[in-house]
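Undergrad: Please read through the structure below; I'll follow up with questions.
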Amino acid sequence: MSLKVILIGFMASGKSTLGKKLANKLGIPFIDSDSKIEELNSRFISEIFENDGEEVFRKMETDFILNYPFPDSFVLSTGGGMPCFNENISKLNEIGTTFYLKRPSKELVNRLLNAKDQRPLVSSKTEDELILYIDQMLEIRSVYYEQANFILDRADQTSDEIIELLKSVNK
Ligand code: S3P
């Protein structure tokens, strides 16, 4: 049986941590879109944003979805903005089963405060600016995130819960 799991959600919602755990448990490859885009372009995301701008990065994300040779089974952790541009959410829903890791904005602020340096959209923001930014962005992005096949909105999402949900679909 092929398993195609796609995790979406805001920066620092825990997509990569959960994705690695899940892939490990299922014994299938883990793919991180940010890392792959960096690899394919031989540049860090912060450099791409700085030198070429966000629009070019968004194009790279769409190219990645359309052209990456996904294996038969995989867990894909996506960049936080990926589903929200160029109708990518529809493309992701076609490729696999999507899960939105929904987190309260307060939790995202706390997690991002310790992990914003590598993230160009938030690296220079103060705590107050970050609170405002996350609330504004969630309002815009939720429309896309909530088109996922499953919304995991409990704080204690586990890989076992996702495996149970996966058994209920057949993609
Ligand atoms: C972004 C999220 C980042 C990365 C880039 C832009 C966003 O990925 O793709 O910095 O627009 O939310 P993570 O969600 O893995 O931090």
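Undergrad: Where residues in region 21-43 are in contact (Cβ under 8 Å) with a residue 40 or more places away in the chain and assigned to a loop (DSSP other than H, G, I, E, B), which of them is nearest to the ligand (Cβ to nearest atom)?
TA: 29
Undergrad: Among the listed residues 18, 108, 7, 113, which satisfies the condition of being closer than 17 Å to residue 137 by Cβ and within 13 Å of the ligand (Cβ to nearest atom)?
TA: Residue meeting the stated conditions: 108.
Undergrad: Scan region 68-97 and report the pairs whose first residue is closer than 22 Å to residue 21 by Cα and of a type outside the set (Val, Ile, Thr) and whose second residue is in a loop (DSSP other than H, G, I, E, B) and within 15 Å of the ligand (Cβ to nearest atom), with Cβ atoms within less than 6 Å and a gap of 6+ or a chain change.
TA: Note: pairs meeting the criteria are 80/10; 80/11.
Undergrad: Can you tell me how many residues within region 122-162 are among the β-branched types (Val, Ile, Thr) and farther than 28 Å from residue 4 by Cα?
TA: Counting residues in region 122-162 that are among the β-branched types (Val, Ile, Thr) and farther than 28 Å from residue 4 by Cα gives 4.
Undergrad: Within the group 134, 151, which residue is more than 16 Å from the ligand (Cβ to nearest atom) and of a type in the set (Val, Ile, Thr)? Show your work before the answer.
TA: Values: 134 fails: more than 16 Å from the ligand (Cβ to nearest atom).
Exactly one of 134, 151 is more than 16 Å from the ligand (Cβ to nearest atom) and of a type in the set (Val, Ile, Thr), namely 151.
Undergrad: Against the condition at negative phi and either β-branched (Val, Ile, Thr) or more than 11 Å from the ligand (Cβ to nearest atom) (or both), how does residue 87 come out, does it pass? Explain how you work it out, then say what you get.
TA: Numbers: at negative phi: no; either β-branched (Val, Ile, Thr) or more than 11 Å from the ligand (Cβ to nearest atom) (or both): yes.
In short, no.
Undergrad: Any idea which of 49, 64 is buried (at least 16 other Cβ atoms within 10 Å of the Cβ), in contact with a Pro (Cβ under 6 Å, 6 or more places away or on another chain) and aromatic (Phe, Trp, Tyr)?
TA: Unique residue meeting the criteria: 49.
Undergrad: Condition check: among the β-branched types (Val, Ile, Thr) and without any contact (Cβ under 8 Å) to a residue 40 or more places away in the chain. Does residue 8 satisfy that?
TA: Taking the combined requirement at face value, the residue does not satisfy it.
Bear in mind these aren't lab numbers, they're just calculated from the coordinates by the rules spelled out. Please read these numbers as outputs of a predicted model, since none were measured by experiment. No Cβ is skipped: glycine too gets one built from the backbone with ideal geometry, and neighbour counts run over all protein chains shown.
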